[in-house]
Every structure is written in C-alpha cells, then in structure tokens.
Amino acid sequence: MSAVGSTESGSRQSGEEEAWSEDAETVSNGAGLLAGSAGGFGILSDGHAVAHPGQRMTLGTYFNAFPASYWRRWTNVEEVTLRATVSGHGTFLVYRSTSKGHVLRSASKSIDSDDPVDVEVTLPLKPFIDGGWYWFDVEAADREMVVHSGEWLVETERTTPGTITIGITTFNQPTFCVDQLAALANSQEVLDVLDEIVVVDQGTQHVRDHELFTAVSKVLGERLRVIEQGNLGGSGGFSRSMMEAVDRGQSDYVLLFDDDVQCEPEGILRAIAFADLAKTPTAVGGQMFSLYDRSVMHAYGETVKKYRWFWGPAPETEHGHNFARKSLQGTKWLHRRIDVDYNGWWMCLIPTSVIREIGLSLPMFIKWDDAEFGLRAQEAGYPTVTLPGVAVWHVPWHEKDDTIDWQAYLHRRNRLVAALLHSPYSRGGRLVWESFQTQIRHLMSMQYAPAEMGLMAIEDILDGPNRMHHDVLYRVPEVRELRKSYPDSQMKPALDEFPAPRRVKPPRKGKGPQAPGNRVAQLKALALGGLRQLQPIRSTAVRNPEATVPHMDLRWWLLSQLDSALVSSADGTSAAWYQRDPEQFRDLLRRSVTLHVRLYEEWPKLVNEYQRALPDLVSPDAWRKTFEQSMEPGPGA
C-alpha cells in the first residue's frame, strides 16, 4: 500500500475559523478546509479531532477529502482504501459525491470502544469519470468520538517514492524564503524524499545574510544550495533550478516554489505520490490560497482561452472561493473534475524527464512563462494536473495592476510570443485585434507609458526571436527607464503632493460620465472620446488636475472626458497626475495602427521564425550563457 494523503484534522495550517454546519442531519453543510461539524467541534491537546456527544463531524473538507475523479482520470489506480483510527461511541460513515455535487453514502460502521480501533474500507474509483470525492464523517452517540488519524492508500508495485529537487526563485524576500526553508527543514517526511533545495537568489537583499539562515542551513546541510545570479525574473530563476536538477541527474522531479508562499508539507507528498502513479509523466500543480485571508482560494485551475489567447480561471470554476463561507460539500462546481492547460509556478512539480525532452522555460523574465511551458508540455503529450488537496498560501494579486506598470511590456510581448508558438488559430484568433483595443484603452485613458511599452513589445517581436535571451538580461531596466518620462507613471505617495483638483466647467446636470450600456453606446463614447483627444487642453487642467479618480473607477470612458486627473495606484499607496497630450495621442495612435497592421500581415512568417527558434531558446546551453552574462556588470533589474 502507498499513502497518497492523510487527514489533517488536528492541523491549523489554514488559519481559518472552524466552520459550523446548521443541521446535524445534513452532511452537505460541513465547511472549512480541515474539519467541520454540526454544533460540536473541538481539537484535543494532542492534535486529534473530536465530535461531542450527539454531534456529527465531517472530514469532507478540502484537505481531508479524497479527489477521486483526478485519480480515476490521470492514474491507473482502480480503488482506494480509507484507513482511520477512531475511538468512542457512534457511527463512522463514508460518503462520495458525484460530478453534479450530489452526496451518496458508501459505507458505515458502528464504533463502541474507548480504545482506538482501526477502520478500513476499500472503495472503487469506477464512478468518477467526470468528478466526485470520497470523505468520511463521524457521528457521536452518548459519548464523544475521536478521530486519531486517517489516510488514503492505494495498491502499487512501486516500493519507494520519487525524489525531488526543490527550486525556489527569490528576489529581495529573505524573510519569506528563510521561513519556507525552515518549514521544509522541520518536515522529516519531506526530507525523506528531498535530494536538494536550490535557492536561486536574484536580489540585492541576500538570503545568506538573513539572521536565521545559518541555523536553517545547518539543518539542511549539503541538501541546501544557494546560487546568486543577476535578476532574470521567474523564467531565469526557475530555468536555473530546472537545469541544476537535470544536470545533477538524481531527482525524479523538480518542485518549483515562489519565494513568498507558505506550503503545507503534506501537499508535497501528495503531489509526488500522484506523479509517481500517473499514467504518463505529468506535471502536478498546487492550488493557491490567499496568505492574508487563508480560507480564500484564488486559483483552482487555469486555462488559456485559445481564440482570445488569454489566461484565466478554467471553465466552471471561480476565483476567490471562500471555504469558510461555503464548504466543499456545499459547492457543486468543486465536484467537477477540472482539466487545466498549465499551473502557476507558485507550486508546480515537473518530471525531470519532461524537462530533458522539451527544455527549460522561455526567456520571458515573468508573465506567461509558466503558461507557455505547460502548453509546450501538453503538445508533447505531457499533461498538467492541478490537484485538489495540494496547495500553498500566496500573497494575492488582486491588489495589483501590473498591466499599467513596467510589466505592461512583458504582458504584451509574452502573450504574443506564446500565441505565435501555440495558437491553433490563423493569425492568433482575436489576439492582434485585442492588442490594438488595449492600445486604444490606454490612449483614451491618458496612459501613454503602457501604450508606449506595448508598442515596444510589438517592435521587439517583429525584430525576431533571437533577441529574447539578450532581452531577458537588459530589456526590463530599459523599460523601467522609459516609463519614468511619462506623467502617468510618475507616482507620489500622497494626493496632497499635487495641486488641488479644480474643474472650471461642472458636469452637465451634475452627472459625471456614465458607463456605456450597449455596443452602440460604447461606439458613441469611443467616437466622442477620440475626437476630444485631438482638442486643445484647457489651461486650467495644466495648472490643476480636473478630478480625483480612485483606481477602482479607472475606466477609459471616464478618463477620456477629462484633460487631467489624479489617479491612485491599485494598492492605494501612491497616485499619479494623468495629463492629456494631443500630440502624443496622435503619434501613439499612428504607430499603433502601423505596427498592428504589420503584426497581422507578418504573423505567418513570425510563427515559422519563433517555432524554429524555440528549441534553442529553451536549451540548457543557451541558458548557461545567459546565466554567466547575468553576473557581469549591467544586466539585471
């Protein structure tokens, strides 16, 4: 038997409050990530979970339930055995769900013992093609029932688990990184399967200098290696970890981690067990919870919408699901099996055999590197599975808007490059048109810096793929320098540091611009707003901003009606004074039209160029040269 997951009823890793169901007779209301109950939940001092007399406790929760449909689809496992140790007086009940979220009882057993007794039941995976989970509940009678332990087991001929190299890319996050190293060092189960941890430090605040690093490094010994190199972004950091693991030739897998995550070590073991038993070499990804609101899941599964060529939540899933408010059992979409195109590299286990065959990451710096790698692996016959019950807590991204800072260049360039390599549609589907629409939104919003960076991205793509390794070294500092010259990128920490807003002409009838409600209204707003961009600027708008616009209200149809405005940043820490510039608008519009027409016309030629160049771009030899160059004076951001 091989263990593929254990219950964590005594763990408090999730940080959420215990969730209580409303009705002791209804199992579908159990909530939370770890264990939920109907009116009687407790944690004993030794870490066991207890159901008080007359109460029911469910282990049908995110970390304790068994995601049967994923094992049914991606492995050859045909049945799973639940083994639990319990004591007390009551009933041990096993349930399964269907892909539609319906709950069915699979087995039950009466328990009457003050001493711990083992309960074991073998369950088929046949009914789980489209979705469904297994879990168990305990219902106490006149005495409490205690769950001492539980695990899910499968039969396998394999006698030892695969081993891993953990690759952590870090940039000026020494405390996060050392905390993560300490958590790994304190898990004997992880150490048992660990060959090496490779920390690729690309910052100026080095991990080695942290006050706790020496103590952690003594525990990990020769299994910890810190490599310092120039800042090549996530693609450069993770490519270095991949290359080091492949060169060493010891590990079955590379496990990629962001530096600012907190990991449940049990999830590492589950990912390895799943990959060990997968039908084909498979990347196994972890799901992402919010580090600040720990029961909120931000990413359940990710796909690329092929016609638009845009990443996002997989169909039938939602971003931001809060398990403290709505349980696994009470959320029907969580019972469907979700197939993905890739997994974010906040946590992703990749077989080294796959890396040897398809290469390292593209030199993209950040943005789309994980998606492109997943799509490339998929085309080579190697799927990615985002496995429920495997997760990290990560700083959420919803308080950022990196589409208008220096990363706008990377968003645009890398999205287009990934489409050139993998889009199934002629000329990228809607992508070129959407890129042009993005330019228009920026121009109508007085966002001239991201508009310029978008054009720089297209110019670089038209220049061909051979510059990508050069650009991963040098382009980001150049982009950062470029945007400094634009008012919409000149941030100050307080609104008081700007002149007070003043508008000479009040809004008509006291009403500001309204969101266009249909396509005709949108076209009208676009036409009127576009004509306004060509008009002279009111002199008063040069001396004073005309309005203050919170970032949440940042819309092109609103900003297009103003000559200037104070606009706050997404994280609320600063603001910029947007200022309309008719001359700059004309120049950027003209170049936007020219470059997008050229991109559309040259698309087939670019597809051939980039696809021919791909093997070299992702090769260890090409990356080795880039790693060496990154240590020379100048490169890095």
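Brief remarks follow.
- Restricting attention to region 474-525, the residues that are more than 18 Å from Asp553 (Cα to Cα) and in contact with a Phe, Trp or Tyr (Cβ under 8 Å, 6 or more places away or on another chain) total 10.
Yes/no per residue for (1) farther than 30 Å from Arg225 by Cβ; (2) part of a loop (DSSP other than H, G, I, E, B):
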| site | (1), (2) |
| --- | --- |
| Lys126 | yes, yes |
| Trp135 | yes, no |
| Met145 | yes, no |
| Thr159 | no, yes |
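- Residue that is surrounded by the fewest Cβ atoms within 10 Å (Cβ to Cβ) [pool: residues in region 276-294 that are over 13 Å from the mean Cα position of the chain (by Cα) and at pLDDT below 95]: Tyr292
- When region 531-579 is filtered for residues that are outside any loop (DSSP other than H, G, I, E, B), more than 35 Å from the chain's Cα centre (by Cα) and more than 19 Å from Pro450 (Cβ to Cβ), the ones remaining, listed by number, are Leu531, Arg532, Ser539, Thr540, Ala541, Val542, Arg543.
Each row is one residue, and each column tells you yes or no for (1) assigned by TED's automatic domain parsing to the domain that holds Phe92; (2) buried (at least 21 other Cβ atoms within 10 Å of the Cβ); (3) in contact with a Pro (Cβ under 8 Å, 6 or more places away or on another chain).
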| position | (1), (2), (3) |
| --- | --- |
| Ala141 | yes, no, yes |
| Met145 | yes, yes, no |
| Thr159 | no, no, no |
| Thr170 | no, yes, no |
| Phe176 | no, no, no |
| Gln180 | no, yes, no |
| Gln188 | no, no, no |
| Leu194 | no, yes, no |
| Val200 | no, yes, no |
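- Some residue of region 603-612 being more than 22 Å from Ser426 (Cα to Cα), in contact (Cβ under 8 Å) with a residue 12 or more places away in the chain and part of a helix (DSSP H, G or I): no
- Test for Asp137: is it acidic (Asp, Glu), within 22 Å of Arg337 (Cβ to Cβ) and either surrounded by 20 or more Cβ atoms within 10 Å (Cβ to Cβ) or touching a Lys or Arg at 6+ places or on another chain (Cβ under 7 Å) (or both): no
- Hey, Lys367 surrounded by fewer than 22 Cβ atoms within 10 Å (Cβ to Cβ), in a loop (DSSP other than H, G, I, E, B), assigned by TED's automatic domain parsing to the domain that holds Gly249 and not hydrophobic (A, V, I, L, M, F, W, C) or not: no
- Check on Thr303, polar (S, T, N, Q) and in contact with a helix residue (DSSP H, G or I) (Cβ under 7 Å, 6 or more places away or on another chain): no
- Filtered by the rule that a residue be surrounded by fewer than 21 Cβ atoms within 10 Å (Cβ to Cβ), of a type in the set (Gly, Ala, Ser) and either under 20 Å from the mean Cα position of the chain (by Cα) or closer than 28 Å to Phe365 by Cα (or both), region 297-335 gives Gly312, Ala314, Gly320.
- Among residues of region 462-503 being among the hydroxyl-bearing types (Ser, Thr, Tyr) and closer than 27 Å to Pro582 by Cα, the one that is surrounded by the fewest Cβ atoms within 10 Å (Cβ to Cβ) is Ser485.
- Search result, residues across region 257-286 that are out of contact with any Leu (no Cβ under 8 Å at 6 or more places or on another chain) and under 26 Å from Arg415 (Cβ atoms): Phe257, Asp258, Asp259, Thr282
- Failed item, numbered, when Leu255 is tested on (1) within 25 Å of the chain's Cα centre (by Cα); (2) surrounded by fewer than 18 Cβ atoms within 10 Å (Cβ to Cβ): (2)
- Within region 202-222, considering residues that are within 23 Å of Glu628 (Cβ to Cβ) and out of contact with any Pro (no Cβ under 6 Å at 6 or more places or on another chain), the one surrounded by the most Cβ atoms within 10 Å (Cβ to Cβ): Gln202
- Verdict on Leu269 being in the same structural domain as Gly359 (by TED's automatic domain parsing), buried (at least 16 other Cβ atoms within 10 Å of the Cβ) and closer than 29 Å to Gly150 by Cα: yes
- Taken together, the residues in region 261-275 that are among the aliphatic types (A, V, I, L, M) and under 19 Å from the mean Cα position of the chain (by Cα) amount to 3.
- Selection status of Gly10, over 26 Å from Glu155 (Cβ atoms), under 30 Å from the mean Cα position of the chain (by Cα) and at pLDDT below 90: yes
- Of Leu534, Leu617, Leu554, all but one fail to be farther than 30 Å from Ile358 by Cα and touching a Pro at 6+ places or on another chain (Cβ under 8 Å); the exception is Leu534.
- Residue check for Ile227: crowded, with 21+ Cβ neighbours inside 10 Å and not in a helix (DSSP H, G or I): no
- Filtering region 582-621 to residues that are more than 17 Å from Glu372 (Cβ to Cβ) and either touching a strand residue (DSSP E or B) at 6+ places or on another chain (Cβ under 6 Å) or acidic (Asp, Glu) (or both) leaves Glu583, Asp587, Glu601, Glu602, Asp621.
- Count of residues meeting criterion [buried (at least 22 other Cβ atoms within 10 Å of the Cβ) and not in a loop (DSSP other than H, G, I, E, B)] in region 336-351: 6
- Condition check for Tyr95 on (1) over 27 Å from Pro388 (Cα atoms); (2) not in a loop (DSSP other than H, G, I, E, B): one failure, at (1).
The values are calculated or read from the model by the stated rules, or taken from the named source; none is laboratory data. Model, not experiment: these values are computed from the prediction. With ideal geometry, Cβ positions are generated from the backbone for all residues, glycine too; neighbour counts draw on all protein chains shown.
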